[in-house]
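The values are calculated or read from the model by the stated rules, or taken from the named source; none is laboratory data. What you see is a predicted model; the values in this text were computed from it and never measured. Cβ placement follows ideal geometry from the backbone for every residue including glycine, while neighbour counts extend to all protein chains displayed.
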Amino acid sequence: MAGRPDVAALQRILHNEWGANEHVDWAAAAARLGSSLPADYRHFMAVYGGGCIDDLIVLPPLPTGNGWQASISGHKGGFRELWAMEGGVPGVDLGADRVLPWGSGCNANEMGWLMAGPDPDQWPVIVWRRHGEPRWALFDCGMAEFLRRLMTAGFDECPLSDLSLWGRVGTFVHHEEQERRFHAGLDPMTGEPDPYAGMFD
């Protein structure tokens, strides 16, 4: 997976200081999910891991064991239910078994892939927007390029119904670092002291 230009371009704007190699068992992930996953996503997991870009959650493929981070396998059912309920992307005649999530958040937007063929590297990104019509939209790019273009305003308009990362580079924090900060009484994303720490344990 070395030398992926899409992930390298993302790294030029999104620092991975608080990232960590997720050390994914990709064979186990493929068996659990019924498919291998795109190479840019796998490289992202090696460089950044699962975690958050501000309010946008990037899901690791499988549960991490600490209960802090959601996963693709855990999020898959709800994502596919949304596709079935909302009718999917207009003009796309594929069932809910052909979509798979990779991200969530930013005011309840959902991001995933349309499994449009046997080669995961050719899967386009699909997005469910909480607000706006149509709810589902398709973007002919991979996950890493989608994130870069979101944060550099590289689409004709914001692909999400939330502008918090539109034209603005967020901060990535791996889920283990978020959990460490939380238990230390710090804000999981900023690392600053949290005045509400311990109030809701």
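Determine, yes or no, whether ARG4 is within 18 Å of ASP119 (Cα to Cα) and of a type in the set (Lys, Arg).
Details: within 18 Å of ASP119 (Cα to Cα): yes; of a type in the set (Lys, Arg): yes.
Here the answer is yes, as ARG4 does meet what is asked.
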Within region 116-201, strands (runs of 3 or more DSSP E) holding 2 or more residues that are under 15 Å from the mean Cα position of the chain (by Cα), surrounded by 13 or more Cβ atoms within 10 Å (Cβ to Cβ) and free of Cβ contacts under 8 Å to residues at least 40 places away in the same chain = 125-128
Kindly indicate the residue of region 80-115 that is outside any loop (DSSP other than H, G, I, E, B) and among the small types (Gly, Ala, Ser) and also surrounded by the most Cβ atoms within 10 Å (Cβ to Cβ) among those meeting that condition.
-> GLY112
Can you give me the number of residues within region 172-187 that are out of contact with any strand residue (DSSP E or B) (no Cβ under 7 Å at 6 or more places or on another chain) and under 30 Å from PHE146 (Cα atoms)?
-> 7
Would you confirm whether any residue within region 72-79 is buried (at least 18 other Cβ atoms within 10 Å of the Cβ), in contact with a helix residue (DSSP H, G or I) (Cβ under 7 Å, 6 or more places away or on another chain) and touching a residue at least 60 places away in the same chain (Cβ under 8 Å)?
-> no
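Conditions tested, residue by residue: (1) touching a strand residue (DSSP E or B) at 6+ places or on another chain (Cβ under 8 Å); (2) surrounded by fewer than 19 Cβ atoms within 10 Å (Cβ to Cβ); (3) modelled with pLDDT under 95.
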position	(1), (2), (3)
GLN11	no, yes, no
TRP18	yes, no, no
ASP25	no, yes, no
ARG32	no, yes, no
SER35	yes, yes, no
ALA39	no, yes, no
MET45	no, no, no
GLY50	yes, no, no
ILE57	yes, no, no
Quick one: which of GLY88, GLY95, GLY51, GLY78 is under 19 Å from GLU179 (Cα atoms), out of contact with any Leu (no Cβ under 6 Å at 6 or more places or on another chain) and among the small types (Gly, Ala, Ser)?
-> GLY51
Any pair with Cβ under 8 angstrom, 6 or more apart, that starts in region 39-51 at a residue that is without any contact (Cβ under 8 Å) to a residue 40 or more places away in the chain and ends at one that is not in a helix (DSSP H, G or I) = MET45/ASN21; MET45/GLU22; MET45/VAL24; MET45/PRO60; MET45/PRO61
Restricting attention to region 23-38, which residues are more than 14 Å from the chain's Cα centre (by Cα) and either in a loop (DSSP other than H, G, I, E, B) or free of Cβ contacts under 8 Å to residues at least 12 places away in the same chain (or both)?
-> HIS23, VAL24, ASP25, ALA27, ALA30, ALA31, GLY34, SER35, SER36
A careful count of residues in region 51-77 that are closer than 17 Å to HIS15 by Cβ and assigned to a loop (DSSP other than H, G, I, E, B) gives 1
